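See structure below.
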């Protein structure tokens, strides 16, 4: 279980340094019967998120560990002072105020697993961390400070929220989601939504419903997300939607995407221009056919039936009445 938690936290706490994570080696050093396994490589993380220092130890025969103490002191110092304490399993002991409540063991019970997680990181958390184990040896109070140190480097926040936008259609209710970077168990971040139209300033979306959700993945890992539900309209098309995640110490990350909406056509714009062309073409063709038929009928010559002929005028070259010919039907 510890290996799974450690691998998961390292991947998400360090974000884009996944290739480096894969190459992190754990080295075991022993002295006076006390052995400690720690990463020799620098552990990188981002401000606002968290970092895990993987650690395990074993003690000499007859020693019973009771408390674990972590110090943050200068790399060249051979001995850390009490004022350098950043974590103590005995909460009655004084620790640096800026580390109060930000450091916890991956396994809450004192055991050979001395791994810790530091939440709500700031750049000033960079430095060397060193472990001391306190306990009882042969009935006497004793302790041992390990020589190995873990080097932590905290950079500015680079990771962005993950925004998911489903297909949008005008007049339908839609839900967007925004997931904060990191899987840390520190302070809950604040997630806000804003949108901007063309040439406008950022503003909060009105008539919407937002919901904040925290998923507890393990005892020390959480996923924070927010959903935005609203009724989409034509005015949202082409606008920019922004999800902003605010961590402690004024550390923020945001992601902006453009809303592309399927619009419903209204009024004259709903007429298909190709349909109009087809209808006009059909009307023109029908009129043309009618005109051609009328023209054909007017120009057609009707031949008389010889059997039904009652009168026929012959063209005369002489206009005298004697040349008139009257045709009589044959009996």
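The values are calculated or read from the model by the stated rules, or taken from the named source; none is laboratory data. This one's a predicted model, so the numbers in the text were calculated from it and none came from an experiment. Here the Cβ positions follow ideal geometry from the backbone for every residue, glycine too, while neighbour counts run over all protein chains shown.
Here's the yes/no breakdown for (1) out of contact with any helix residue (DSSP H, G or I) (no Cβ under 7 Å at 6 or more places or on another chain); (2) modelled with pLDDT of 70 or more; (3) assigned by TED's automatic domain parsing to the domain that holds residue 48; (4) surrounded by 14 or more Cβ atoms within 10 Å (Cβ to Cβ):
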| site | (1), (2), (3), (4) |
| --- | --- |
| 230 | yes, yes, no, yes |
| 234 | yes, yes, no, no |
| 245 | yes, yes, no, yes |
| 253 | yes, yes, no, yes |
| 270 | yes, no, no, no |
| 282 | yes, yes, no, no |
| 287 | yes, yes, no, no |
| 297 | yes, yes, no, no |
| 305 | yes, no, no, no |
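Could you name every one of the strands (runs of 3 or more DSSP E) located completely within region 40-104 that has at least 1 residues being closer than 16 Å to residue 126 by Cα, in contact (Cβ under 8 Å) with a residue 60 or more places away in the chain and outside the structural domain of residue 223 (by TED's automatic domain parsing)? It would help to see each step written out before you state the result.
Numbers: elements: 43-46, 51-53, 55-58, 63-73, 85-88.
Of the strands (runs of 3 or more DSSP E) lying wholly inside region 40-104, those with at least 1 residues that are closer than 16 Å to residue 126 by Cα, in contact (Cβ under 8 Å) with a residue 60 or more places away in the chain and outside the structural domain of residue 223 (by TED's automatic domain parsing) span 43-46, 51-53, 63-73.
With the structure loaded, tell me whether residue 137 is over 31 Å from the mean Cα position of the chain (by Cα), in contact (Cβ under 8 Å) with a residue 40 or more places away in the chain and more than 24 Å from residue 45 (Cβ to Cβ) or whether it fails that test. Explain how you work it out, then say what you get.
On the way: over 31 Å from the mean Cα position of the chain (by Cα): yes; in contact (Cβ under 8 Å) with a residue 40 or more places away in the chain: yes; more than 24 Å from residue 45 (Cβ to Cβ): yes.
So residue 137 fits the description; yes.
Working only within region 75-93, note down all residues that are in contact with a strand residue (DSSP E or B) (Cβ under 8 Å, 6 or more places away or on another chain) and loosely packed, with under 10 Cβ neighbours inside 10 Å.
Narrowing region 75-93 to residues in contact with a strand residue (DSSP E or B) (Cβ under 8 Å, 6 or more places away or on another chain): 75, 79-81, 84-90, 93.
75, 79, 81, listed by residue number.
Against the condition without any contact (Cβ under 8 Å) to a residue 60 or more places away in the chain, farther than 24 Å from residue 45 by Cβ, within 17 Å of the chain's Cα centre (by Cα) and part of a strand (DSSP E or B), how does residue 214 come out, does it pass?
Working: without any contact (Cβ under 8 Å) to a residue 60 or more places away in the chain: yes; farther than 24 Å from residue 45 by Cβ: no; within 17 Å of the chain's Cα centre (by Cα): yes; part of a strand (DSSP E or B): yes.
No: the conditions fail for residue 214.
Does residue 86 satisfy the condition of being within 41 Å of the chain's Cα centre (by Cα) and at pLDDT 90 or above?
Details: within 41 Å of the chain's Cα centre (by Cα): yes; at pLDDT 90 or above: yes.
So residue 86 passes the test.
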